[in-house]
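Input: a single structure, listed below in C-alpha cells.
Any read-out appearing in this document is the output of simple, stated calculations on the displayed coordinates, not a laboratory observation. Just so it is clear, the model here is predicted, and its values are computed rather than measured. As a convention, Cβ positions derive from the backbone with ideal geometry for all residues, glycine included, and neighbour counts pool all protein chains shown.
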Amino acid sequence: MSPRFLLDSNILSEPLRPTPDPGVMGAIQRHTSRLATASTVWSELVYGVERLPPSKRRDAIEEYLGALFASDLEILPYDTEAAIWHGRERARLQGIGRPRPFADGQIAAVARRFDLMLVTRNTRDFEPFAGIRVVNWFSGGS
C-alpha cells in the first residue's frame, strides 16, 4: 500500500515522550502501512540525537531510530521535482512577505511532490504553503 501521510519530526518523536499523545499514537497505529517521512525530517532526527551527550536517553533514541529505519516507514527524497516546487514557493512567499524556514519548505515540497497529507503539531508553520494539505493528530488540536 502506498503512503498517504508524511510525518513531521514532532509526530515521529511522539512515542519517545513520557506520556505520548493518545490521538497521535492511535492514528499511527491505524495508518501504519500508509506512513512516510521526508529525508529532511530524517536528517533533523539524526541531528538531534547526535547532539546529545552519551546517556541512556540517547541510547533509547538511537534504538528507536534504528527500529524506525528498519521498519516499513518510507523515507522520501527531496528530489528535483520537489526542489523546483520549493524554489517557486519560496519566491512566492518571499514576495508576499511570508518567508518560511528552508527545512519547512523542503518538507512541504516532499508532501506536495508525493501528494501526501503532512502530519504535524505545527500546522501554522506549513499553512502558508500553497497546494499542500496539513493535519494535526494531537488530541489537543493545533
Only residues in segment 93-110 that are closer than 15 Å to residue 44 by Cβ count as the first member; pair them with residues that are surrounded by 11 or more Cβ atoms within 10 Å (Cβ to Cβ) and among the β-branched types (Val, Ile, Thr), Cβ under 8 angstrom, at least 6 apart or cross-chain, and list the lot.
103/40; 106/40; 107/40; 107/41; 108/132; 110/40
Tally of residues being under 27 Å from residue 77 (Cβ atoms) and either of a type in the set (A, V, I, L, M) or surrounded by 15 or more Cβ atoms within 10 Å (Cβ to Cβ) (or both) across segment 21-33:
4
Would you pick out the residues in segment 1-20 that are over 10 Å from the mean Cα position of the chain (by Cα), in a helix (DSSP H, G or I) and surrounded by 17 or more Cβ atoms within 10 Å (Cβ to Cβ)?
14
Just checking, how many residues over segment 107-116 are of a type outside the set (Lys, Arg) and either in a loop (DSSP other than H, G, I, E, B) or over 10 Å from the mean Cα position of the chain (by Cα) (or both)?
4
Filter segment 42-68 down to residues that are among the hydrophobic types (A, V, I, L, M, F, W, C) and in contact (Cβ under 8 Å) with a residue 12 or more places away in the chain and give me whichever is farthest from residue 112 (Cα to Cα).
60
Being under 17 Å from residue 110 (Cβ atoms) and not basic (Lys, Arg) narrows 16, 52, 76, 65 down to just 76
